[in-house]
Amino acid sequence: MKKTINFSAGPAILPHDVLKQAQSELLNWHQTGCSVMELSHRGKDFEQCALEATQDLRELLNIPENYHILFLQGGARSQFAGVPLNILSNHTSADYIISGYWSKCAADEAEKYCQVNRINVKTVHEEKIGIKSFNQWQLTSDSAYVHYCPNETIEGLAIFDDPQFNDRIIVADFSSCILSKPIDVTRYGIIYAGAQKNIGPSGVTIVIVREDLLGKAKRELPSVLDYTIQTKHDSMFNTPPTFAWYMSGLVFKWLKQLGGLTIMEQRNRSKAQMLYQYIDQSDFYSNNIATENRSIMNVPFVCAHEEFDTMFVAEAAQHGIIGVKGHRIVGGIRASIYNAMDLDGVQCLIEFMKEFERVKG
Ligand code: PMP
């Protein structure tokens, strides 16, 4: 029996059904008499498992055939370097949209390899933080690509629409919002995401790369990060994180069974709406993000007085509600409500918030 409700930002909650299935086949996977993590990645059972996971992800996100799907290692941060080294080619600069902590980290890393044009798209209106509309993003014309982060995990700041910059190569860090809703993959050159929020356990990093962007890598790029080499080897140039890949595959099947990403988006919007509505009607809790840019995955908030934030986190844990401490750079409280969190879980959190407010407010 699970005793806690886990709102951690990542590694994060996984679907209960997926964990049960993994448990049931842990010691004897596919009648092999072994666990999946003890078997060669070159064996036919694992190859089939890897292929199915890749196909299921393609189906879920409606990824066209001219995009390759890679299951790599190194986390999303490895792609902060992997992206420029793979696709800068002869260019000397890239545009980085700065909307929060993670997009800034990506820009800082890219700066080792090229000139980075930092484009600040944040707005502040009546103390609420928002994002400028796409037509106000002042891109430069001759940079290699435009990088942005559609969901800033720490700030809970999201850009929901797919970008529309016809001839530009768009690269997006989808770490904390991949599979939370349908997207139009054709608008992007590269999509990447660490798995440990909406996909599976940590250890696997998904890269979805358009065919025409292969073959441009810098010579000094480590081979394991080279999209062309990894594509040629079906992500098995080096030994892949087999258990994390298998688990991701189970999550993809779970998503398909639930009806795919349109259903998931409805579910995610309902959960987020419920939580934001509760925060907005309360004089005790507040969230500082403009309504249209509020993340449906990460919901940060603070109590009326700072000292209550720490108490909230501690008392929540006593009620079996864990992972709600805000990121160390911003403090406060944050509830991450990824795909695997259900409506009941959010309802429990709200009940706890009500009670905490009643006592402390
Ligand atoms: N980008 C975003 C949006 C993230 O939320 C995170 C992790 N929280 C990262 C990048 C870094 O991911 P990793 O630890 O897998 O390198």
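Dipole of the chain (Lys/Arg Cβ +1, Asp/Glu Cβ -1, origin at the Cα centre): which of Thr4, Ser133, Ile183 lies farthest to the positive side?
Positive-most Cα among the choices belongs to Thr4.
Where does each of 259-265, 90-96, 295-301 land if you order them by average Cβ count within 10 Å, highest first?
The peptides rank, most packed first, as 295-301, 90-96, 259-265.
Please list 101-108, 209-216 highest first by mean number of surrounding beta-carbon atoms within 10 Å per residue.
Working: 101-108: 19.1, 209-216: 16.9.
Packing proxy ranking, top to bottom: 101-108, 209-216.
What is the magnitude of the charge dipole of the chain about its Cα centre, with +1 placed on the Cβ of each Lys and Arg, -1 on the Cβ of each Asp and Glu, and no other charges, expressed in debye to the nearest 20?
The calculated dipole for the chain is roughly 320 debye.
For segment 94-154, take every pair of Cα atoms, bin their distances at 10 Å starting from 0, and report each bin as a whole percent.
Spelled out per bin, shortest first, that is 23, 53, 21, 3.
Per the 1.4 Å probe, what fraction of the accessible area of the chain, in percent, lies on carbon and sulfur atoms?
Working: 8050 of 16340 Å².
Solvent-exposed carbon and sulfur of the chain make up 49 percent of the total.
Please name which of Leu57, Met37, Ile87 has its Cα lying farthest along the dipole of segment 25-151 towards the positive end, using unit charges on Cβ (Lys, Arg +1; Asp, Glu -1) and the Cα centre as origin.
The residue sitting farthest along the positive end of the dipole is Ile87.
Around Val299, which amide H atoms from residues at least 5 apart in sequence, or from another chain, sit under 5 Å from its own amide H, with H modelled in the peptide plane?
The list, which skips near neighbours in sequence, is Ala335, Ser336, Ile337.
Could you order the peptides 50-62, 349-361 from most to least packed, using the average number of other C-beta atoms within 10 Å per residue?
Result, highest mean Cβ count within 10 Å first: 50-62, 349-361.
Grab the other residues whose beta carbon is less than 10 angstrom from that of Ala107, score K and R as +1, D and E as -1, and report the net.
On the way: positive: Lys104, Arg118; negative: Asp95, Asp108, Glu109, Glu111.
Charge balance in the 10 Å sphere: -2.
State the three equivalent ellipsoid semi-axes of segment 63-135, derived from the C-alpha gyration tensor as the square roots of 5 times its eigenvalues, in descending order and whole Å.
26, 16, 13
Among residues other than Arg58 whose Cβ falls under 15 Å from its Cβ, what is the net charge (Lys/Arg +1, Asp/Glu -1)? Could you put the intermediate results ahead of the total?
Values: positive: Arg210, Lys253, Lys256; negative: Glu52, Asp56, Glu59, Glu65, Asp184, Glu211, Asp234.
Once positives and negatives cancel, what remains is -4.
Straight distance only, please: which aspartates and glutamates reach the Cα of Lys360 with their own Cα at less than 17 Å, same-chain residues fewer than 8 apart left out?
Hits, sequence-local ones excluded: Asp283, Glu306, Glu307, Asp309, Glu315, Glu351.
Residues of segment 149-255: accessible area per residue at 1.4 Å, in Å²?
Values: 3510 Å² over 107 residues.
On a per-residue basis, segment 149-255 sits at 33 Å².
Check which residues have an amide H placed less than 5 Å from Thr205's amide H, if you skip close sequence neighbours.
When sequence neighbours closer than 5 places are left aside, the close amide H contacts are Leu72, Gln73, Gly75.
If you take all C-alpha pairs in segment 247-361, what percent of them are over 23 Å apart?
Values: 2020 of 6555 pairs.
Everything past 23 Å amounts to 31 percent.
Could you work out the local net charge near Ala217, counting Lys and Arg as +1, Asp and Glu as -1, over the other residues with Cβ closer than 13 Å to its Cβ?
Combined, the nearby Lys, Arg, Asp and Glu give +2.
Using only the Cα atoms of the chain, what do you get for the radius of gyration and for Dmax, in Å?
Here Rg and the maximum Cα pair distance are 20.7, 62 Å.
Taking a 26 Å limit on the Cα-Cα distance, which of the listed pairs Lys132/Lys325; Lys122/Lys325; Lys44/Lys197; Lys271/Lys325; Lys253/Lys354 fall beyond it?
With Cα atoms farther than 26 Å apart: Lys132/Lys325; Lys44/Lys197; Lys253/Lys354.
Suppose a student asked you for the relative contact order of the chain, using Cα pairs under 8 Å spaced at least 6 residues apart; what percent would you report?
Result for the chain is 23 percent.
Roughly how many whole Å is it from the C-alpha centroid of segment 333-361 to that of segment 228-300?
Measuring centre to centre over Cα atoms gives 18 Å.
The values are calculated or read from the model by the stated rules, or taken from the named source; none is laboratory data. Just so it is clear, the model here is predicted, and its values are computed rather than measured. Virtual Cβ from ideal backbone geometry, glycine too; neighbours counted across all protein chains shown. Only protein heavy atoms, including side chains, enter the accessible area calculation; ligands, DNA and RNA are left aside. Shrake-Rupley method; radii C 1.70, N 1.55, O 1.52, S 1.80 Å.
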